[in-house]
Structures are given as C-alpha cells and as structure tokens.
Amino acid sequence: MSNPTEETVTVRGVEIFTRTVGTGPDVVVLHGGPGAHHDYLLPQYDALAEGRRLRYYDQRGGGRSAAPRRRVPVGWREHVGDLHALLDYWDLSPATLLGHSWGGLLALLYAINHRHRVGRLALVSPAPASAAERRTFERRFAQRMRHPTIQTRRTRLRQSDLRERDPATYDRRMFELSVAGYFADVHDPIPLSAARRIAGLMDARFVTFEHSGHAPHVEERRRFMEVLDGFLPPLS
C-alpha cells in the first residue's frame, strides 16, 4: 500500500482537505457527523486500500475543512453539492461511495439526486432516513449521554485548564465524549430497522454485525474487512 497523499481542494468556495491512499479502483469514503472528520475511521479503513484507491475528505465545517458557519452554509444540500464537485474533480463516474453513519445518509442523498453518477453504495451503520427513525435515535442517544460516567467526565474536562494548555487535545477529548453515547451500550442507538428498510427499498444485501454497535470497523474488524472486501471493487 502506498503512502497517503494529502491535498486541499477549493470546492464551491470552500477549502476541502482530502487524503488519498492506495492504488486501484476508486472508493470515496464519507465520514460521519456532520461536523466530524475522517480521522476516526483510521487506521481500520485504510486496510481496504489493498488493491484499491481510497479517497477521504473532511466535509465542510469539520476537521481540516473548517468553514465559518455564519458566512458559509452547511446543510445537506451543500454536502451533496461538494461531493458532486469532488467527483468531477477526481473524474469519477460512476463512483463507488462508502459511507459511515451520517456519511451513509449523505451517500444515499447523493444517489437520489445523481443516480447516474453512482455505481456502488456501501452504507455502514447509516443515519436514519426518516423523521420517525431519527426521533427514535435521538431519544436513545440522549438517554445514553445522560449516563453519570459520561456526565462526570465532561464536567471534569470543562473545569480543567486543558483547553488553554492544549486546545487540540481538549477538542479531541471533547469530541470523544460527544460520541460516547454510541458506545455506552452493546447495541447501536440507531434503530437496526432503519438500515433494514433502506436495504429493502434498494433491493440491496443487508448484513448484520451481531457483536457490534455503531462502529463495526472497530468492534468486529476482521468480519468488517471480509464483508467490505467482498463488495468493493477489487484490483482488476
């Protein structure tokens, strides 16, 4: 596997950070959030670069693609537009999209709006597509975030002087605590029925990871690799 290359691309007036690794058929990786960055998918996702070229990018408003929200709109339409522009920049058509969490929903939204530009979709723990499923997820997630351990750690972090001493570490730890609700229980707070319904509508293969919550690439790494290796385009 080749060493990663990094590039900042100006897309629709916003500077987008990109990271490319591997050689072979292209796979565009869409991270969760919104407002997160691709780093949390590493190093596990990079293992999929054997025989493929993975193209990551930090979506506008997150990671190294920071955008001032008072001046720059950051909604799903903007994210779809950015992805479309990047696929043009990389000259990918049809494209293979691999999305985790919100990135899975972004891939789905893109496919609905630009059906002819998508060849394959791999949706990993995708965010709910319906309002009712979203409310179920939000209720479950909020309940988990009220766990005393999470609350105590957030309070201690805010009361510490880490923000002044080491802002980058403070931001990283605050982000870790902001997603702790995904891992406070063995099950994913996103209803499994939401992903099953989308798979049924698309007549797509549906795979369940029995021993994982929201991050099968961490919790069932070996099986995650086997499933994705069997679906994503191989080196021809």
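The values are calculated or read from the model by the stated rules, or taken from the named source; none is laboratory data. The structure presented is a predicted model; accordingly, all values stated were derived computationally and were not measured. Note: ideal-geometry Cβ built from the backbone for every residue, glycine included; neighbour counts use all protein chains shown. When the accessible area is computed, the model is the full protein with side chains, heavy atoms only, and any ligands, DNA or RNA have been set aside. Shrake-Rupley method; radii C 1.70, N 1.55, O 1.52, S 1.80 Å.
Brief remarks on what is shown
- Contact order relative to length of the chain, as percent, for alpha carbon pairs under 8 angstrom and 6 or more apart: 18 percent
- In this simple spin-label approximation, Arg12 and Ala180 carry label points 7 Å from Cα along the Cα→Cβ vector, and these lie 3.5 nm apart.
- Across the accessible surface of the chain, with the other protein chains kept in place and a 1.4 Å probe, carbon and sulfur atoms take up 48 percent.
- Net charge of Cβ neighbours under 12 Å - reference Val14; Lys, Arg +1; Asp, Glu -1: +1
- Residue-span extension gain [Ser130 to Thr208] - 0.36 nm each, minus C-alpha spacing: 26.1 nm
- Listed values [x] 138; [y] 118; [z] 128 include one computed from this model; for volume of the Cα convex hull per residue in Å³ that value carries the label [x].
- Trypsin sites (Lys or Arg not before Pro) within segment 78-170, DSSP loop, no more than 11 other Cβ atoms inside 10 Å: Arg146
- Between Ala168 and Thr5, the contour length at 0.36 nm per residue exceeds the Cα-Cα span by 56.4 nm.
- Charge tally for Ala132 (other residues, Cβ to Cβ under 15 Å; Lys, Arg +1; Asp, Glu -1): +4.
- Per-residue 3J(HN,Hα) values for segment 136-143, derived from phi via the Karplus relation 6.51 cos²θ - 1.76 cosθ + 1.60 with θ = phi - 60°, read 4, 4, 4, 5, 5, 5, 4, 4 Hz in sequence order (x marks Gly and Pro).
- Per residue solvent-accessible surface (Å²) - the chain, probe of 1.4 Å: 54 Å²
- Estimated FRET transfer efficiency (Arg144, Val218; beta-carbon r; R0 25 Å; 0.05): 0.90
- Here r is the Cβ-Cβ distance between Asp161 and Arg64 and R0 is 30 Å; the resulting FRET efficiency, rounded to 0.05, is 0.70.
- Annotation: amide H of Asp26 within the under-5 Å range of Arg53, sequence separation 5 or more or interchain, hydrogens built in the peptide plane.
- For Pro73, net neighbour charge (Lys/Arg +1, Asp/Glu -1) across residues whose Cβ lies under 13 Å away: +4
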